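One structure below.
The values are calculated or read from the model by the stated rules, or taken from the named source; none is laboratory data. Predicted model only: the values in this text are computed from it and were never measured. Virtual Cβ from ideal backbone geometry, glycine too; neighbours counted across all protein chains shown. Just the protein is used for accessible areas: all its heavy atoms, side chains included, with ligands, DNA and RNA removed. Shrake-Rupley method; radii C 1.70, N 1.55, O 1.52, S 1.80 Å.
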Amino acid sequence: MLTEDQLPKHIKKAVNDFKSDEDFDFEVFPSKFLIDGDNYYAFNFRPSNEKLIVRDDGAVLPLEKIKKVALIMTAYNTSMIHFSDIGVKWVKQYDKKGLDKLCKRLMSIKKYIEKSLSDEILNSFDSFIDTIKKMIEYQVLIEESVHKGFQQGIKTNNQEVVTEEDYKKMRKYNLDMVRNAYLQNEIQLNTERDRRIVLQFLAKKPKYWPIYLYAKFHDIRMLSAKETEKVQTMNELKNMIFNEDVPLEEQPNAEEMLSKFRNPR
């Protein structure tokens, strides 16, 4: 893993030439970026979070010439942050064993009393059960994506080089994580009414109160249309998915990403 102490003198000089009076430190990305045959160092100044790309010969090229490197570097780093900040939370968001237990209990009740249920309640039971099964499936996929993302980051840190192929892998793992989180949220919103119907049915039957309380425990952790902040986050995830096939330079936030670099305009 690259550290400041490992930097060649000519690279340190190039970075220091671009430090401002407000900077108290800079960080070097733990890997160089090997793009189109050239190696580049990536730096982040603190506290401004402005960045700099330096070719391994010490040249600080104009932003226009290293735009591709700058965008790949930013996207790769952003993906790593997503896994560390968001991915870790999503991995812990739902208890797969608890959901599986709830699913089996609902299936057992449904089987026992389905002949006496109205079509509406029966369909709501089926919907609730199917929601839980799919949530578990998406949770497994989210966990797999986060694991692969971390492993990819460890790999490039150890080899101290990020290639364009490495970037494509990291982007795929990040988008897989986001896509499955979105689908997991979407099914919860779409079946919220069915969950309410099942919970109301169980609440009216004293003998089913234990399963009602258990179902309620998990239900309050599922997404509701009333949670406007979480729904807004879901819409942001949707935008990320829709933009997955758009080239980096055409991404909606490309200009914002490039504006953070101190390379000459």
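In straight-distance terms, cross-link reach from Lys260 covers every one of the aspartates and glutamates whose alpha-carbon lies under 18 Å from its own, apart from those fewer than eight places away in the same chain; here that gives Asp17, Asp21, Glu22, Asp23, Asp25, Glu27, Glu50, Glu64, Glu249, Glu250. Length available on full extension from Thr233 to Thr163: 0.36 nm per residue minus the Cα-Cα distance, which gives 22.1 nm. With a Förster radius of 30 Å applied to the beta-carbon distance between Asp38 and Val91, the computed FRET efficiency rounds to 0.25. Take the chain with all the other protein chains still there, run a 1.4 Å probe, and you get 55 Å² of accessible area per residue. Largest GNM mean-square fluctuation among Glu229, Glu137, Glu160, using the chain with Cα springs under 10 Å: Glu229.
Applying 1/(1 + (r/R0)^6) with R0 = 30 Å to the Cβ-Cβ distance of Tyr112 and Arg221 gives a FRET efficiency near 0.70. Scattering from segment 1-40 was approximated by placing one identical point on each alpha carbon and applying the Debye formula without solvent; log10 I(q)/I(0) at 0.17, 0.20, 0.23, 0.35 1/Å stands at -0.53, -0.71, -0.88, -1.20. When the P(r) is computed for the chain, the part past 25 Å accounts for 56% of the Cα-Cα pairs. Of the listed pairs Lys97/Lys207; Lys68/Lys134; Lys32/Lys133, which have alpha-carbon separations greater than 32 Å here? Exceeds cut-off: Lys68/Lys134; Lys32/Lys133. Judged by the mean number of other Cβ atoms found within 10 Å, the most tightly packed of the peptides 110-118, 165-173, 68-76 leads the ranking 68-76, 165-173, 110-118. Annotation: aspartates and glutamates with alpha-carbon distance below 15 angstrom to Lys96 (same-chain offsets under eight excluded): Asp130, Glu137, Glu143, Glu144, Asp219.
Across the alpha-carbon set of segment 145-265, the Rg to Rh ratio works out to 1.17, Rh being the Kirkwood radius.
In whole percents, the pair-distance distribution calculated for segment 8-148 from its alpha-carbon pairs, binned every 5 Å from zero, is 2, 8, 13, 12, 11, 8, 7, 7, 6, 6, 5, 5, 5, 3, 2, 1, 0. Amide H contacts of Val162: Lys32, Phe33, Leu34, each under 5 Å away and 5 or more positions distant or on a separate chain (H built 1.01 Å from N in the peptide plane; Pro and chain starts excluded). Between Ser259 and Glu4, the C-beta separation translates, for a Förster distance of 30 Å, into a calculated FRET efficiency of about 0.75. Over the chain, what percent of the accessible surface lies on carbon and sulfur atoms, probe 1.4 Å? That share works out to 51 percent. For Phe261, the amide hydrogen comes within under 5 Å of the amide hydrogens of Lys51, counting only partners 5 or more places away or on other chains and with H modelled in the peptide plane.
Using per-residue counts of other Cβ atoms within 10 Å, averaged over each peptide, order 103-109, 77-83 from highest down.
Ranked by mean Cβ neighbours within 10 Å, highest first: 77-83, 103-109.
Under the combined filter of DSSP loop state and at most 11 neighbouring Cβ atoms within 10 Å, segment 2-44 retains none of its trypsin sites (Lys or Arg not before Pro). Listed by number, the DSSP H helices of the chain that run 20 Å or longer by alpha-carbon position along their axis and have mean Kyte hydropathy of at least 0.0 are 67-82. Residues whose amide H comes within less than 5 Å of that of Leu61, counting only those at least five positions distant or on another chain, are Arg55 (H built at 1.01 Å from N in the peptide plane).
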